[in-house]
Amino acid sequence: MSKLRTTDLTYGAVFVVLMAVGANITAWFPMLSIPIGGADVPLSLQTFFAVLAGLMLGKKLGSLSMFVYMLVGIAGVPIFAGFSSGPTMFISPTGGFIISFIFAAFFTGWVVDNSEKNYSFPRYCLAALIGTAFNYLIGVTYMYIASNTWMEVPLPYTIAWAGMIPFLIKDLIFAGLAALFTVKVVKRIPVLNHVRAS
């Protein structure tokens, strides 16, 4: 991206805010939690918005907006899950998911950017699924490494994946919804095609 325009900054900022809202959606809707092992694990819409950023903004601006989201959280603004913030988040087993959002947006956008203007639902859906796959591959692998090294909590890789199944199912469904939403929105906001191609 050679030069950021005002519209680029605006769209990018919108997705930073959406990520903050998506990370803490259960603060307003506490019923959006999954009971696992006697505890309620809150759902989030972060993967949905990271994938949506790639679909709507493309690989460059989409991943940049996720990078800014990460930097703002590291700087101390409470926009991570549970209204948390700071670099210590990356010590936790789930810290890798914050990093993975950058790659999720990038690879989602990469598929769309290289689609030769074939902006169809199947193409968007493929892009969204690929972005979701990167989100989980990076996030779960980080969780496995964190648990078995500096956290010193033995965690088999298969168990790490098994624990993420409810969230993965949710995010696969939301990947399809993100693709459907983008198909409808891009037709109504032609400027997004220009933003994505920049």
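The values are calculated or read from the model by the stated rules, or taken from the named source; none is laboratory data. What you see is a predicted model, and the numbers here were worked out from it, not measured in a lab. In this analysis, Cβ positions are derived from the backbone assuming ideal geometry, glycine residues included, and neighbour counts consider all displayed protein chains.
Remarks
- Within the set A162, A146, the sole residue that is surrounded by fewer than 16 Cβ atoms within 10 Å (Cβ to Cβ), of a type in the set (A, V, I, L, M, F, W, C) and over 19 Å from the mean Cα position of the chain (by Cα) turns out to be A162.
- Any hit, region 145-163, residues being part of a helix (DSSP H, G or I) and in contact (Cβ under 8 Å) with a residue 60 or more places away in the chain: yes
- The number of residues in region 6-45 being part of a loop (DSSP other than H, G, I, E, B), modelled with pLDDT of 75 or more and surrounded by 13 or more Cβ atoms within 10 Å (Cβ to Cβ) comes to 4.
- Qualifying residue in region 84-98 (condition: closer than 16 Å to V185 by Cβ and either touching a strand residue (DSSP E or B) at 6+ places or on another chain (Cβ under 6 Å) or modelled with pLDDT of 95 or more (or both)): no
- Flag if L126 is surrounded by 15 or more Cβ atoms within 10 Å (Cβ to Cβ) and in a helix (DSSP H, G or I): yes
- Of the criteria (1) in a helix (DSSP H, G or I); (2) free of Cβ contacts under 8 Å to residues at least 40 places away in the same chain, which one S115 fails: (1)
- Flag for F103 being at pLDDT 95 or above and either in a helix (DSSP H, G or I) or over 13 Å from the mean Cα position of the chain (by Cα) (or both): yes
- Filter pass, F90 being without any contact (Cβ under 8 Å) to a residue 24 or more places away in the chain and in contact with a helix residue (DSSP H, G or I) (Cβ under 9 Å, 6 or more places away or on another chain): yes
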